[in-house]
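The values are calculated or read from the model by the stated rules, or taken from the named source; none is laboratory data. All values derive from a computational prediction rather than experimental measurement. Quick reminder, even Gly has a Cβ in these numbers, built from the backbone with ideal geometry, and neighbours come from all protein chains shown.
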Amino acid sequence: LLCMVKATFELTPGDSEPTLAPEERMRPLRFADFPWGKPDESSILYPSDLCLRKPATDVVIIATAHAPNGKAVPSFDTFARVGPVQKVVRVFGLRLWESRGAGLTPPRPVESVELRYDNAWGGSDDSDPARFVEEPRNPVGKGVVSDPAQLTHQIAPCLEDPDHLIRSASTRPPPAGFGAIGRHWVPRRNYIGTYDDAWKQLRCPLPPLDEDDRINQCASPGLIADPPLRGGEDCAFLNMHPSGPFTFRLPRVRLQIEFQVQGRAPEVFEPYVDTVFVDLWETSPDKPPAVELVWRASVRAPRKMNQSLTIVRELRGK
């Protein structure tokens, strides 16, 4: 039995306190991942909210990188901080691989680039069935091929980790990004558990007994807060919105979730915020910058749903 609570708050440049969105702009829970483009060929734009448990807080950000002062430059850094977690991604203008991926051409000046894993190091290549290659940390990126000759004069990644810059196609850096990663990507798939004959006979369609709850953490490496967030944390974002930097505090909301199941003692939880989703992408008067917060709690399901009652309360005070 699962209870999820989601709230949407809107951001105004220069305002340190997000405001609760009006009812018509409250965002619903998402029960599936929504990709930037074709499924399985592009990265996740809006991640699913659906899972039983997250042991830590996911911080997921979607945005377009904007050059400082709106003036095109060959490269610039973007920065995000939410409480104790932070990350820098370096943005480059268009550049090409040199012969066989031996190096990169100088970047051209650029004003904006979408911060999506499709623009980072990664990719897969099945052109030769005998030599299938994949970057398991980002199978939809750019740069991974079975034959380096294929890279010559092709578009190179434009998002990089500044501590692990690409020198050639053999660099193999960590993919750079702020968005959600796929369930079948590393490291998430390391926690999927064992799907074998015993699972087919005894557990299917339930998850395997050795599934690790970390499979549900969809945030980019470096953007998972453990211990989890409670609200009230300071946040800062640089070069991720055309209006300029954003600084604010996460809303501090205390919830209590009570499950009453017939024949059992009531079970009461005060959940932490397990998902912080910051949306700075393609904003407009009808779609202002926003922050989504998600809380959840779960208990063993009753035999019949009409034998249960779930109560959500907002607690006042600190």
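Here are a few things to note about the model shown:
- Candidates P266, P251, P271, P285 - the one that is farther than 21 Å from A180 by Cα, modelled with pLDDT under 95 and either among the aliphatic types (A, V, I, L, M) or out of contact with any helix residue (DSSP H, G or I) (no Cβ under 6 Å at 6 or more places or on another chain) (or both): P285
- Scanning the stretch 137-149 for residues that are of a type outside the set (A, V, I, L, M) and modelled with pLDDT of 95 or more yields R137, N138, P139, G141, K142, G143.
- Screening the stretch 202-285 for strands (runs of 3 or more DSSP E) wholly inside it with 1 or more residues that are under 22 Å from L159 (Cα atoms) returns the ranges 234-238, 246-249, 273-279.
- Test set (1) part of a loop (DSSP other than H, G, I, E, B); (2) in contact with a Pro (Cβ under 9 Å, 6 or more places away or on another chain); (3) within 19 Å of M240 (Cβ to Cβ) - D77 fails condition number: (1)
- Some residue of the stretch 95-108 being of a type outside the set (A, V, I, L, M, F, W, C) and part of a strand (DSSP E or B): no
- Of all residues making up the stretch 17-33, the number that are surrounded by 12 or more Cβ atoms within 10 Å (Cβ to Cβ) and within 23 Å of F178 (Cβ to Cβ): 7
- Annotation: G123 fulfils all but one of (1) in contact (Cβ under 8 Å) with a residue 24 or more places away in the chain; (2) closer than 26 Å to A219 by Cα; the unmet one is (1).
- Residue check for A301: touching a residue at least 60 places away in the same chain (Cβ under 8 Å) and in a loop (DSSP other than H, G, I, E, B): yes
- Count of residues meeting criterion [under 22 Å from P174 (Cβ atoms) and surrounded by fewer than 15 Cβ atoms within 10 Å (Cβ to Cβ)] in the stretch 56-78: 1
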